[in-house]
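Following: one structure in structure tokens, then a few remarks.
The values are calculated or read from the model by the stated rules, or taken from the named source; none is laboratory data. Treat the numbers as computed from the prediction; the structure is a model and nothing was measured. A quick note on method: Cβ atoms are made from the backbone with ideal geometry, for glycine too, and the neighbour counts reach across all protein chains shown.
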Amino acid sequence: MSHRKLGKTGLSVSPIGFGAFKIGRNEQIKYPQAYELPDRAAVDRLLNGLLDAGVNHIDTAPAYGLSEQRIGETIAHRRHEFLLSTKVGEIFENGRSRYEFSRAAIRQSVQQSLTRLRVDAVDLLLIHAPADDLPVLNDTDAVDTLQRLKAEGLTRVIGFSGKSVSAARQAIDWADVLMVEYHSRDRSHQEVIGEAAAAGLGVIVKKGLASGHLSPAEAIRFVLETPGVGNLVIGGLNLDHFRENLSIASGCTSAI
């Protein structure tokens, strides 16, 4: 599978990355159908199967329940084969999310993530922002702390996964990567995707299938052929479906 450059980060990614939400959490979901969490053996088969199929980007977060732990348990021994992204800020406990962006909370979160993932560093570290995301950039230690963690070698690149166009646009000033929601039903980030790419940032799209409400055959092509998009993160628990998604992606023309 051909890879795409992720902006000026020096990283190359498979056009489809794996969003590891469903292997760790099934509470407070936005998917159209409920699902049972897979057991350890099923996660092992899924993640190793994805790497064997050519996926080289795994995206997770502390807020994804058991996700980080399960990645560490099943594919830490293949660490050299994939890029690993996780996040800071959102904490999901007792069925609810809360957010912590102090310097101490972020550092603690990163150390816990590294322990669960069984790695010394991640490739991408992103701010996991709530709906009211501009104050995270303007009124907390989040950006400065990520920059310090990058300088310390705990991550190769840093970035922002938020909600609003205004916060995404502001993040262009300091981020290496933006993660934005973008699909045919919500094109609000289309302009900022182009601006970020022009500034040399890598752009990763989340929720490109509108949390399972759009057909992969149309949605994947729509996202990956948008100028500036480097990578589309898709979740799921069915390896055969994911192979079909990879086949669709292989026929997309990169517009970077």
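The table for this structure:
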| read-out | value |
| --- | --- |
| Considering residues of the range 168-194 that are of a type in the set (Lys, Arg) and touching a residue at least 12 places away in the same chain (Cβ under 8 Å) only, the residue surrounded by the most Cβ atoms within 10 Å (Cβ to Cβ) | ARG169 |
| Residue identified as of a type in the set (Ser, Thr, Tyr), surrounded by fewer than 24 Cβ atoms within 10 Å (Cβ to Cβ) and touching a residue at least 40 places away in the same chain (Cβ under 8 Å) among THR140, THR145 | THR145 |
| Restricting the range 195-204 to residues that are outside any loop (DSSP other than H, G, I, E, B) and of a type outside the set (A, V, I, L, M, F, W, C), the residue that is surrounded by the most Cβ atoms within 10 Å (Cβ to Cβ) | GLY202 |
| Residues of the range 1-59 satisfying the condition of being at pLDDT 95 or above and of a type in the set (Val, Ile, Thr) | THR9, VAL13, ILE16, ILE23, VAL43, VAL55, ILE58 |
| Matching entry among ILE29, ILE58, ILE23, ILE91 (being within 30 Å of ASN138 (Cα to Cα), part of a loop (DSSP other than H, G, I, E, B) and aliphatic (A, V, I, L, M)) | ILE29 |
| Any hit, the range 119-129, residues being out of contact with any Ser or Thr (no Cβ under 7 Å at 6 or more places or on another chain), within 18 Å of ILE91 (Cβ to Cβ) and at pLDDT 95 or above | no |
| Residue within the range 157-167 that is over 29 Å from ARG40 (Cα atoms), part of a loop (DSSP other than H, G, I, E, B) and either without any contact (Cβ under 8 Å) to a residue 12 or more places away in the chain or not polar (S, T, N, Q) (or both) present | yes |
| Residue check for LEU178: of a type outside the set (Val, Ile, Thr), in contact with a helix residue (DSSP H, G or I) (Cβ under 7 Å, 6 or more places away or on another chain) and not in a loop (DSSP other than H, G, I, E, B) | yes |
| Complete set of residues in the range 234-255 that are without any contact (Cβ under 8 Å) to a residue 60 or more places away in the chain, of a type in the set (A, V, I, L, M) and part of a helix (DSSP H, G or I) | ILE248 |
| Hits in the range 104-137 (condition: of a type in the set (Val, Ile, Thr) and exposed (fewer than 15 other Cβ atoms within 10 Å of the Cβ)) | THR115 |
| All positions within the range 1-60 that are among the polar types (S, T, N, Q) and surrounded by fewer than 22 Cβ atoms within 10 Å (Cβ to Cβ) | SER2, THR9, SER12, ASN26, GLN28, GLN33, ASN48, ASN56 |
| Cross-chain or 6+ apart pairs with Cβ under 7 Å, the range 101-116 first and under 17 Å from PHE160 (Cα atoms) and modelled with pLDDT under 95, then aromatic (Phe, Trp, Tyr) and crowded, with 17+ Cβ neighbours inside 10 Å | none |
| Residue in the range 205-219 that is surrounded by fewer than 24 Cβ atoms within 10 Å (Cβ to Cβ) and without any contact (Cβ under 8 Å) to a residue 24 or more places away in the chain present | yes |
| Test: residue in the range 220-233 that is of a type outside the set (A, V, I, L, M), modelled with pLDDT of 95 or more, in a loop (DSSP other than H, G, I, E, B) and touching a Lys or Arg at 6+ places or on another chain (Cβ under 8 Å) | yes |
| ILE91 over 23 Å from ASP176 (Cβ atoms) and surrounded by fewer than 17 Cβ atoms within 10 Å (Cβ to Cβ) | yes |
| Failed item in (1) part of a helix (DSSP H, G or I); (2) more than 22 Å from GLY10 (Cβ to Cβ); (3) not hydroxyl-bearing (Ser, Thr, Tyr), with ARG79 passing the rest | (2) |
| Residues being among the hydroxyl-bearing types (Ser, Thr, Tyr) and surrounded by 24 or more Cβ atoms within 10 Å (Cβ to Cβ) - total across the range 65-85 | 2 |
